[in-house]
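In what follows, a structure is listed as structure tokens, so that the remarks can point back to it.
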Amino acid sequence: MNVEELLHDALREQAAEQPPAGPGFADRVLAVRRRRRNRRIASVAAATAAVVAMAVAVPLLDSGKDDVRPSGVVEQKGVKAHPSQSPPRDLIAAGNTALAAYYVPNMVKRSATEAVDERSYWLLDQKTGKYVKAPQWSIVAVAPGMKTAAVLEKTLPASRIGLLDLTTGKVVRWIQVDHGVAGLEFSHDGRKLVATTYGGNPDEAVKPKGSNGWMGKQPSSRTGFYVFDVGSGKGSWSEVKLGADASDIMGAGFINSRQDFSLTRDGRYIWAGSPVGNIGKQFWDLTGAAMPVPGNQKYLDWSVEALDSPSGNLVAGGFAGKKWHTSSYVVDATTGKKTEIRGQQLLAWADDKTLVAWDIGKGAKESEYHQRLVLVAIGSGKEVPLSGFRKDSGTNPDNSSGRWEPVFAER
Amino acid sequence: MNAEGLESFRDFVDNRSSALLKTAVLLCGGDLYAGEDLLQNALAKAAGRWQRIDEPEAYVRRILYRQQVSRWRLKWRRREVSVAEPPEAGAGADAAAAAELRLVMRQALSRLTARQRTVLVLRYFEDLPEADVARLLGCSVGTVRSTTHRSLARLRVLAPELAALGLADVELQPSRDYSPVEVRP
């Protein structure tokens, strides 16, 4: 017998020993699809979208008094990297964007079949430049300029939104809401805040019979959105009804249990991802009336956190993997022309040609999930490490140890 | 996917997932959980375009192989590979020695790279000719041939027992012809 024959026999013997696939395998597969979408939106919802190239004016919250302070007072525009830190302890920043916060996800089991995907946040302390745990918040959105954050308390959906002064660490205003809020996102100029309302906690997860993984509760309980003026705290609510097939995971109207709204860069429209539909996103005007996709938003991809570039001319795209083992596309917002760029997953624009991304290390054995933050640039094959590697959570969807998710904001 | 598509997808998974799982587990070096994960991923991808697929099994298998060789996409972690207990002595010295060799082979297989293992599984488990393997993996026949050669050599390095048990001269022995149709790259 030679090695090939032995190999032939060994493989057959091993295959014969495999137990059959368990019952309900099809349902588990369908659950995988849904869970994956939930994961994608989870990071999108928390990551403050992209950055604007110019210094913008952001209302500084000071006992309710409107004082407009230019965020451009932050003078350092260089790169602050801590390649040995994971999760980071000291400020990470590049160009116009900074890691304003990060959170650690944790699937907290309520029973064998019910759990809640909770987040523990660490916010940047403006005085020390270090990240400090903020255990009282379940959701945090940081405004451009990093002077203000909008926060929700632990119970979701929340009945009030806090506006936190990041220089003092104190809530300077509570905005009471009639419709429970569970998602927050600032506009790109920092003057408006979009709050997504839900009838239940969108981070609740269930484990269906025969499935080995958690999936978001379906159908989604999303009800609509508020748009608030940050300076005055005033705003109004608009209802957005779910499509008839919203709970059919193969249906065009399906949405994730958490599928938050945000404002387009120009502040004219509200939009949200549509994981199954052909277009991949939906748009509304500020009163909640459905709109067709605006021409300049054709290539916007909700599942790629970096979204559109500061100038609006480029859009961060999905995984490429052609020129490099891990790489992504940057898409021309007008023509759709794709350019390959380093980086496994594009997270935030540092300027019009440079992005912060997740990427894995070198070597064929690198796991997809053993990633660090890096700086990548269009037209360059180089990347600059910004953080240490976060741990690979392996195949266990319940294991989030060593995982952290970045929240970027313009600085 | 409409109700009809969903039903056809469930039928396919119910009927074919056990066979597909065998291949997936072999591709993952004997790790049942990683194999299930690999298959789940492949089926989830196929589900996304189920009603546009003409030959579901061929389609799912192609995703399986390709996913496995571009491993960064997978939620994968290397695990200790558990293998069946060696048979009790007394079953016959030859049979025991042969069974032991197969276990040694399994362990060596689990230590190959995903790409090396995939090529070997396609050639020696699925019994596919080199040209078919090349088509499935999207590479040249020459690459399949050189990867096969290097993978077999690597197995012998990883499992010195194979050499110790008199297989060191395997290179000199005629190999089985799994490639009746020769296609030039």
**Prompt:** How do the pairs read when you match residues in region B:1-28 that are at the interface with chain A (Cβ under 8 Å from one of its Cβ atoms) and under 30 Å from residue A:253 (Cα atoms) with residues anywhere that are among the small types (Gly, Ala, Ser) and outside any helix (DSSP H, G or I), using Cβ under 6 Å and keeping only pairs 6 or more apart or on different chains?
**Reply:** B:17/A:21
**Item:** Condition check for residue A:367: part of a loop (DSSP other than H, G, I, E, B) and closer than 19 Å to residue A:389 by Cα
**Value:** yes
**Prompt:** Give me the pairs: first residue in region B:136-154 and closer than 14 Å to residue B:121 by Cβ, second residue of a type in the set (Asp, Glu), beta-carbon distance under 6 Å, and six or more apart or on different chains, which are they?
**Reply:** B:144/B:130
**Request:** Within region B:101-139, track down each residue that is of a type in the set (S, T, N, Q) and either touching a helix residue (DSSP H, G or I) at 6+ places or on another chain (Cβ under 6 Å) or assigned to a helix (DSSP H, G or I) (or both).
**Result:** B:107, B:110, B:116, B:118
**Request:** With the condition kept exactly as written, say whether any residue in region B:116-128 is modelled with pLDDT under 85 and either within 12 Å of chain A (Cβ to nearest Cβ) or surrounded by fewer than 21 Cβ atoms within 10 Å (Cβ to Cβ) (or both).
**Result:** no
**Complete:** Across (1) surrounded by fewer than 20 Cβ atoms within 10 Å (Cβ to Cβ); (2) part of a loop (DSSP other than H, G, I, E, B), residue A:144 clears everything bar (1)
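A quick yes/no check of all residues on (1) polar (S, T, N, Q); (2) at pLDDT below 95; (3) within 25 Å of residue A:266 (Cα to Cα):
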site: A:152; (1), (2), (3): no, no, no
site: A:159; (1), (2), (3): yes, no, no
site: A:175; (1), (2), (3): no, no, yes
site: A:183; (1), (2), (3): no, no, yes
site: A:195; (1), (2), (3): no, no, yes
site: A:199; (1), (2), (3): no, no, no
site: A:209; (1), (2), (3): no, yes, no
**Asked** From the list B:68, B:51, B:40, which one is more than 23 Å from residue A:17 (Cβ to Cβ) and either part of a helix (DSSP H, G or I) or more than 9 Å from chain A (Cβ to nearest Cβ) (or both)?
**Response** B:51
**Message:** When the residues of region A:297-335 are narrowed to those that are away from every other protein chain (no Cβ under 14 Å) and on the phi > 0 side of the Ramachandran plot, which ends up surrounded by the fewest Cβ atoms within 10 Å (Cβ to Cβ)?
**Reply:** A:312
**Count - residues of region A:348-357 that are in contact with a strand residue (DSSP E or B) (Cβ under 6 Å, 6 or more places away or on another chain) and surrounded by fewer than 24 Cβ atoms within 10 Å (Cβ to Cβ)** = 2
**Request:** With the checklist (1) exposed (fewer than 15 other Cβ atoms within 10 Å of the Cβ); (2) out of contact with any strand residue (DSSP E or B) (no Cβ under 7 Å at 6 or more places or on another chain); (3) modelled with pLDDT of 90 or more in hand, flag the one item residue A:65 doesn't pass.
**Result:** (3)
**Message:** Taking the condition of being within 23 Å of residue A:96 (Cα to Cα), of a type in the set (S, T, N, Q) and in a loop (DSSP other than H, G, I, E, B), how many residues in region A:147-194 meet it?
**Reply:** 3
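The values are calculated or read from the model by the stated rules, or taken from the named source; none is laboratory data. Everything numeric in this text was worked out from a predicted model, so none of it was measured. Because the Cβ atoms are built from the backbone with ideal geometry, glycine has one as well, and the counts that use them run over all protein chains shown.
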